[in-house]
1. Report whether or not Lys102 is basic (Lys, Arg) and surrounded by fewer than 24 Cβ atoms within 10 Å (Cβ to Cβ).
2. Run Ala95 past the list (1) small (Gly, Ala, Ser); (2) crowded, with 20+ Cβ neighbours inside 10 Å; (3) under 30 Å from Gln16 (Cβ atoms) and report the number of the one that doesn't hold.
3. Run Ala270 past the list (1) of a type in the set (A, V, I, L, M, F, W, C); (2) closer than 22 Å to Cys123 by Cβ; (3) in contact with a strand residue (DSSP E or B) (Cβ under 9 Å, 6 or more places away or on another chain) and report the number of the one that doesn't hold.
4. Restrict the check to the stretch 220-240 and report whether at least one residue is farther than 26 Å from Met37 by Cα, among the acidic types (Asp, Glu) and buried (at least 16 other Cβ atoms within 10 Å of the Cβ).
5. Can you tell me which of (1) without any contact (Cβ under 8 Å) to a residue 60 or more places away in the chain; (2) more than 30 Å from Asn353 (Cα to Cα); (3) touching a helix residue (DSSP H, G or I) at 6+ places or on another chain (Cβ under 6 Å) is the one Gly203 doesn't meet?
6. Just for the stretch 195-215: of the residues that are more than 19 Å from Glu85 (Cβ to Cβ) and not aliphatic (A, V, I, L, M), which one is surrounded by the fewest Cβ atoms within 10 Å (Cβ to Cβ)?
Amino acid sequence: MNGPDILASLRANLAQQVQHYISPIPAPLDVSPWLAMALLQKAIRRGHHPFALQAAATLLQLSPDKLWRRAVSIAFEDIGIADLEIVSLVTASLAGKAFRAKIGGEWLVASYLVERMCLAPKCRSADDLLMLSERHPAYEHLRLGLTYGTIPELLALVRSNAPLPKRALALWYAVGSDRCPSPQLRTRKGAPQTVFDDLCEAGHPHTLVEVAREGFRRSGQVLCPFVVLLASQKSEQPAFIEDDDFPPETMCGSLPSWALDVYSREGQQALRRFLGRNCDTARWVRSHVPPVQRIKFLGDILFAVEGGLLRNHYRWPLADELRRSWAIECQGPFCPDAGEIMSMLRIDIQLLNEERQHV
């Protein structure tokens, strides 16, 4: 089948699956869209249906476009190769509001997909690969040098046996860092259609490539082709599923503490207050990190310790190494090994939760 036929088949599959689904009554929260997006993504990572559905209902009420954009981001970022069927279904749902109305309506489709994502096994290897390629000091020369590669040269590197982060950077520049910007990459135009055509010709599963092509077309995220790249590695390595070890949590009004992160105003306020505390984590950050970078730095460490953790975590050796390398080795020049500060924050996170309750 060609690309349009594959997408039509996936949309028909989604329509069939939601046919007998009974959606819950929507219960939106009185929070900002940014808090709702954070809650949605983290609740799905944790498999927490009630919070995820409340967040989805909130976004559908306040900003439906944000809901569908975030849904496809979650599918490629947090589920990825662990459940390619649900990634395909979420991508199929992006056909538009008229399509969703035809198969049951916005809330029925959204709640069905949110519940499926909550239950799905999850793998964040695509995002870990992105962060590693973007930030690891060992690849600084590639982030500069590959800027000048031609599209054929970059695609040859993607097909090669080079280290995975090098292939990922080549793929990133090939689809275009203008479309998928990063402060760590120089801006250049890419050739996305040529890239996805080449992935097909290289032998990657046609359906997966077309799902990634459509996901990229709709979201502009380099995570989409990264999932294709990683899927070719998965079959070579053993895998198992287990829950990550979650730190303590508490309620902050109507929200769980883990919803308040560096990407919301309230989360930043809590981090700022926490940095004024007399605890090991705050003292370490004040001693090692320049003032202007402290909130972002602490937010990244918090993500490694709490925000990026998964229930039904699909683990395999390559993904585990990507996660370890990003979390430990990519936190900036003032922190070449983040193991110590991560351990401190795990111990001090209840103090952070106290601050979260006061914002």
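1. For Lys102, the condition - basic (Lys, Arg) and surrounded by fewer than 24 Cβ atoms within 10 Å (Cβ to Cβ) - is met.
2. (2)
3. (2)
4. Among the residues of the stretch 220-240, not one is farther than 26 Å from Met37 by Cα, among the acidic types (Asp, Glu) and buried (at least 16 other Cβ atoms within 10 Å of the Cβ), which makes the answer no.
5. Condition not satisfied by Gly203: (3).
6. Gly203
Results for (1) crowded, with 21+ Cβ neighbours inside 10 Å; (2) under 30 Å from Lys234 (Cβ atoms); (3) not assigned by TED's automatic domain parsing to the domain that holds Pro33, shown as yes or no for each residue.
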site: Ala270; (1), (2), (3): yes, no, yes
site: Gly276; (1), (2), (3): no, no, yes
site: Gln293; (1), (2), (3): no, no, yes
site: Glu306; (1), (2), (3): yes, yes, yes
site: Ala319; (1), (2), (3): yes, yes, yes
site: Arg323; (1), (2), (3): yes, yes, yes
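Residues checked against (1) under 18 Å from the mean Cα position of the chain (by Cα); (2) over 30 Å from Ala304 (Cβ atoms); (3) among the aromatic types (Phe, Trp, Tyr):
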{"position": "Ala75", "(1), (2), (3)": "yes, no, no"}
{"position": "Asp78", "(1), (2), (3)": "yes, no, no"}
{"position": "Ala95", "(1), (2), (3)": "no, yes, no"}
{"position": "Ala101", "(1), (2), (3)": "no, yes, no"}
{"position": "Leu130", "(1), (2), (3)": "yes, no, no"}
{"position": "Tyr148", "(1), (2), (3)": "no, yes, yes"}
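The values are calculated or read from the model by the stated rules, or taken from the named source; none is laboratory data. Source: prediction; values computed, not measured. Ideal geometry is used to build each Cβ from the backbone, glycine not excepted, and the neighbour counts take in all protein chains shown.
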